[in-house]
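> Next up is a structure, given as structure tokens.
The values are calculated or read from the model by the stated rules, or taken from the named source; none is laboratory data. Quick caveat, the model's predicted, so the values are computed rather than measured. Cβ: placed from backbone, ideal geometry, glycine included. Neighbour counts: every protein chain shown. With ligands, DNA and RNA removed, areas are computed over all heavy atoms of the protein, side chains included. Shrake-Rupley method; radii C 1.70, N 1.55, O 1.52, S 1.80 Å.
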Amino acid sequence: MNQRLTQLMEWLNVENIDAAFITSTDNVFYLSGFRSDPHERLLGVAVFREKEPFLVCPAMEKNDAKNAGWEYDILDIRDTDNPWDLFAKKVHGRIKDVHTFAIEKEHLNVERYEALKQRFSGATFVAAEEKLRTMRLIKDKKERQILREAAAFADLAVETGIHEIKEGKTELEIVAAIEYAMKQKGISEMSFATTVLAGAKAASPHGVPGLNKIEKGNLILFDLGVVHKGYCSDITRTVAFGELNEEQIRIYETVLKAEEAAVKAAKPGVKAKELDQIARSIIHDAGYGEYFTHRLGHGLGISIHEYPSVTITNELVLREGMVFTIEPGIYVPGVAGVRIEDDVCITENGAEVLTKYPKMLQYV
């Protein structure tokens, strides 16, 4: 049995929990190696203290699950089946009475929770999220290598986008060129909607690319990532098209200084909040504190946003094997938006920066 399933089974024993039903796509992939977007259909992994686990998936995907490496029983659900009746029967075939059930409370919707509760009326339902987050927090050697590869694709995507910059070209035209180039490299999915924002639009941290045209004097912000072997990358670079004014340059240099200082400080034993404080104080001292409106970074792995959350309030102590982003930004409405983001992995000696594309202000 794989180490991840064994670890979850051990947790069930320690916490005196009879069974767990894990249903989010990312955690099913983490435990089983099988990745699926089931849409409205049921997907999950049922895990028990002593009994063999089983996978629940749409019948049309049963062979895909086997080919992904799932070696145990599969409950394959047809579109005309009642999935919850079949699931309950399968569980009761392993354990007669379920007193405590661990579920992903943040993922399982009310309708599905009620279906579970109806069939396991005597059970108490507890949250599995914290255990799963803890398990996924430290990346093993194989995961780290995949994340390095995913970061290299992100570097290439940014480079592609920058080469596409021309006066009069729209943001969406550049997005299309980036994603086409990635598909030519075998990348079928981006980590999130590819973002290219020009000029004043870059002052919206989660702005949406559109038919806005590139003009001289624009700062152009790229925020993107790819999914590679089930793992995500995430990079942001901001470049100049034509000459910039003094304030645009000052904003860029401030963000770069903050980003590099936080990366340099990232090492085992440092608290997550200290990294945020370092970057935020640099931006505050430069007079732009009110324009840095989000956390410094987020965990990265199977999910584009996972633990740890690098905030000014997070007391979590960094450990070797943690992977997260460092991405300070300054967003001044009507003036400029600049963000610089790297993916970093905590090593014994500090932070390994996975994203390599240059960060010095680039004029194109």
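For every residue, the table says whether it meets (1) open to solvent by 80 Å² or more (accessible area, probe 1.4 Å); (2) touching a residue at least 12 places away in the same chain (Cβ under 8 Å); (3) among the hydroxyl-bearing types (Ser, Thr, Tyr).
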{"residue": "Gln3", "(1), (2), (3)": "yes, no, no"}
{"residue": "Ser24", "(1), (2), (3)": "no, yes, yes"}
{"residue": "Leu31", "(1), (2), (3)": "no, yes, no"}
{"residue": "Glu40", "(1), (2), (3)": "yes, no, no"}
{"residue": "Ile74", "(1), (2), (3)": "no, yes, no"}
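> Within the range 141-152, track down each residue that is within 14 Å of Ile187 (Cβ to Cβ) and open to solvent by less than 50 Å² (accessible area, probe 1.4 Å).
Matches in the range 141-152: Ile146, Ala150, Ala151.
> Could you figure out which of (1) open to solvent by 50 Å² or more (accessible area, probe 1.4 Å); (2) under 18 Å from Ile326 (Cα atoms); (3) at pLDDT 95 or above isn't true of Lys216?
Single failed check for Lys216: (2).
> For Cys57, all conditions in the list (1) crowded, with 20+ Cβ neighbours inside 10 Å; (2) free of Cβ contacts under 8 Å to residues at least 24 places away in the same chain; (3) over 25 Å from the mean Cα position of the chain (by Cα) hold save one; what is the number of the exception?
For Cys57, the failing item is (3).
> Of everything in the range 237-249, what is outside any loop (DSSP other than H, G, I, E, B) and either in contact (Cβ under 8 Å) with a residue 60 or more places away in the chain or buried (at least 17 other Cβ atoms within 10 Å of the Cβ) (or both)? Give them in sequence order.
Scanning the range 237-249 gives Arg237, Thr238, Val239, Ala240, Phe241, Glu247, Gln248, Ile249.
> Go through the range 196-214 and give me each residue that's touching a Pro at 6+ places or on another chain (Cβ under 6 Å) and more than 15 Å from Ile251 (Cβ to Cβ).
Result: Val196, single match.
> Only residues in the range 78-101 that are in contact (Cβ under 8 Å) with a residue 24 or more places away in the chain count as the first member; pair them with residues that are open to solvent by 70 Å² or more (accessible area, probe 1.4 Å) and part of a loop (DSSP other than H, G, I, E, B), Cβ under 7 angstrom, at least 6 apart or cross-chain, and list the lot.
Arg94/Lys51; Ile95/Lys51; Thr100/Asn16
> Continuing with the same structure: Quick one: count up the residues across the range 105-140 that are within 22 Å of Leu316 (Cα to Cα), hydrophobic (A, V, I, L, M, F, W, C) and open to solvent by 30 Å² or more (accessible area, probe 1.4 Å).
2
> A further question on this structure: Quick one: is Leu147 in contact (Cβ under 8 Å) with a residue 60 or more places away in the chain and not small (Gly, Ala, Ser)?
Yes, satisfied.
> Looking only at residues in the range 186-214 that are assigned to a strand (DSSP E or B) and not small (Gly, Ala, Ser), which one is farthest from Ile235 (Cα to Cα)?
Ranking the candidates gives Lys213 first.
> Only strands (runs of 3 or more DSSP E) wholly contained in the range 265-335 count here; list those with 1 or more residues that are touching a Phe, Trp or Tyr at 6+ places or on another chain (Cβ under 7 Å) and buried (at least 17 other Cβ atoms within 10 Å of the Cβ).
297-299, 306-310, 329-332
> Shifting gears a bit: Which members of the range 250-274 meet the condition of being touching a residue at least 40 places away in the same chain (Cβ under 8 Å), under 11 Å from Ile330 (Cα atoms) and not β-branched (Val, Ile, Thr)?
Tyr252, Glu253, Leu256, Ala258
> Another one. Of everything in the range 219-230, what is open to solvent by 10 Å² or more (accessible area, probe 1.4 Å) and either in a strand (DSSP E or B) or in contact with a strand residue (DSSP E or B) (Cβ under 9 Å, 6 or more places away or on another chain) (or both)? Give them in sequence order.
Within the range 219-230, Asp223, Val227, His228 meet the criteria.
> May I ask you to verify whether Thr160 is closer than 30 Å to Val239 by Cα and of a type in the set (Ser, Thr, Tyr)?
yes
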